[in-house]
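The values are calculated or read from the model by the stated rules, or taken from the named source; none is laboratory data. Everything numeric here is computed off the predicted structure, so don't read it as measured data. Every residue, glycine as well, gets a Cβ built from its backbone with ideal geometry; the counts of neighbours run over all protein chains shown.
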Amino acid sequence: MAFDVRTFRHTLGEFATGVTVIAAEFDGVVQAMTANSFTSLSLDPPLVLFCAGKLTRVGQVLLPQSGRFCINILHEAQQAQSMFFAGAWRDAEPPPFAFEDWHGAPRLVGSSASIVCETHAVHEGGDHWIVIGEVIALYRAPDSAGPLVFCGGRYAALATPAEVP
């Protein structure tokens, strides 16, 4: 079946996702990327996964390093940071942000939640790496704003969280 890659991408973009910044330190330098391809995988053992393009900085250095990384879940006020780490920032100065070492990985200060992982496995997935991490530490902000959401090629925020019956 032949199909248009652009149509494929736009169709998949209709699935609303949260936004994360994946960060790892390599040779004393924090490398970070925005990712919305993040999901839980297993409760026992606790595993999560994300996908990184093979040509991205993180995708090129994470595979051979196989160390710790931090998945930082962004809130609605962190759109600028998401854009910066996605390479879409156009201003001369980056938006304000800071990383702190937390359980051996760089945690993005101010995120709604952070998950430190040890690389469990890396698999090929077309033009991306599928990175599976075993969770070793969890952080949740005490007063978190609503999540940053991405859908249809745009950032969004939830109007009000839905009640769970």
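Return yes or no: is residue 149 in a strand (DSSP E or B), over 19 Å from residue 13 (Cα atoms) and modelled with pLDDT of 90 or more? If you could, list the steps in order and put the result at the bottom.
Details: in a strand (DSSP E or B): yes; over 19 Å from residue 13 (Cα atoms): no; modelled with pLDDT of 90 or more: yes.
So residue 149 fails the test.
Among the residues of the range 42-71, what is the count of those that are modelled with pLDDT of 90 or more and not in a strand (DSSP E or B)?
Qualifying residue count for the region: 4.
Condition check ((1) over 13 Å from the mean Cα position of the chain (by Cα); (2) charged (D, E, K, R); (3) at positive phi) across all residues:
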position: 16; (1), (2), (3): yes, no, no
position: 22; (1), (2), (3): no, no, no
position: 25; (1), (2), (3): yes, yes, no
position: 29; (1), (2), (3): yes, no, no
position: 42; (1), (2), (3): yes, no, no
position: 48; (1), (2), (3): no, no, no
position: 67; (1), (2), (3): yes, no, no
position: 75; (1), (2), (3): no, no, no
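In the range 72-83, is there at least one residue being in contact with a strand residue (DSSP E or B) (Cβ under 7 Å, 6 or more places away or on another chain), at pLDDT 95 or above and of a type in the set (A, V, I, L, M, F, W, C)?
There is at least one residue in the range 72-83 that is in contact with a strand residue (DSSP E or B) (Cβ under 7 Å, 6 or more places away or on another chain), at pLDDT 95 or above and of a type in the set (A, V, I, L, M, F, W, C).
Could you tell me which residue of the range 123-137 is nearest to residue 23 (Cα to Cα), considering only residues that are touching a residue at least 60 places away in the same chain (Cβ under 8 Å) and over 16 Å from the mean Cα position of the chain (by Cα)? Show your work before the answer.
At the first step, the residues of the range 123-137 found to be touching a residue at least 60 places away in the same chain (Cβ under 8 Å) are 125, 127-136.
With over 16 Å from the mean Cα position of the chain (by Cα) added as a condition, the list becomes 125, 127, 136.
Working: 125: 20, 127: 20, 136: 15 Å.
Going through the qualifying residues, I end up with 136.
Rundown of residues vs (1) surrounded by 23 or more Cβ atoms within 10 Å (Cβ to Cβ); (2) free of Cβ contacts under 8 Å to residues at least 24 places away in the same chain; (3) closer than 29 Å to residue 157 by Cβ, yes/no style:
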site	(1), (2), (3)
27	no, yes, no
33	no, no, yes
48	no, no, yes
51	no, no, yes
54	no, no, no
80	no, yes, yes
83	no, no, yes
90	no, yes, yes
109	no, yes, yes
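When you look at residue 39, is it farther than 21 Å from residue 98 by Cα and either among the hydroxyl-bearing types (Ser, Thr, Tyr) or outside any helix (DSSP H, G or I) (or both), yes or no?
Working: farther than 21 Å from residue 98 by Cα: yes; either among the hydroxyl-bearing types (Ser, Thr, Tyr) or outside any helix (DSSP H, G or I) (or both): yes.
Criteria met by residue 39.
Which ones in the range 86-101 are at pLDDT 95 or above and aromatic (Phe, Trp, Tyr)?
Answer for the range 86-101, where residues must be at pLDDT 95 or above and aromatic (Phe, Trp, Tyr): 97, 99.
So residue 116 ticks every box in (1) in contact (Cβ under 8 Å) with a residue 12 or more places away in the chain; (2) exposed (fewer than 13 other Cβ atoms within 10 Å of the Cβ) but one. Which box is left unticked?
For residue 116, the failing item is (2).
Test residue 110 against the stated conditions and say whether it is under 15 Å from the mean Cα position of the chain (by Cα) and closer than 26 Å to residue 27 by Cβ.
On the way: under 15 Å from the mean Cα position of the chain (by Cα): yes; closer than 26 Å to residue 27 by Cβ: yes.
So residue 110 passes the test.
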